[in-house]
Amino acid sequence: MGDEIERLRAKRGEEEVKFAQVADHLRDFTDMGPDDGDVIQRLAGFLADVEDQPHDHDADRDHGLG
């Protein structure tokens with residue numbers, strides 16, 4: 001696990017995107033694979049609320065949540 005996360009970081013890590021674009025891609029993904037919808041909904045909730053969690057990716061790029 002983690003290989004696709006690192007591939008995403010390497011391929012698109014320097015791009016700037018709006019969360020609306022990310023939400024569109026998440027919706028596209030769930031439309032193509034509805035069986036994964038629960039996991040994508042959990043991911044979307046996490047991304048929506050991550051600022052409420054103590055985290056510091058400058059201290060540990062790979063595991064910023066404390």
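Summary table below
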item	result
Theoretical gain in end-to-end length, Ile5 to Glu51 [0.36 nm per residue, Cα-Cα removed]	14.6 nm
Largest-first ordering by accessible area, 1.4 Å probe, given options Glu6, Glu16, Glu51	Glu16, Glu51, Glu6
Shape parameters for the range 16-56, alpha-carbon atoms, Rg then Dmax in Å	11.4, 33
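The values are calculated or read from the model by the stated rules, or taken from the named source; none is laboratory data. All values derive from a computational prediction rather than experimental measurement. Heavy atoms of the whole protein, side chains included, go into the accessibility calculation; ligands, DNA and RNA do not. Shrake-Rupley method; radii C 1.70, N 1.55, O 1.52, S 1.80 Å.
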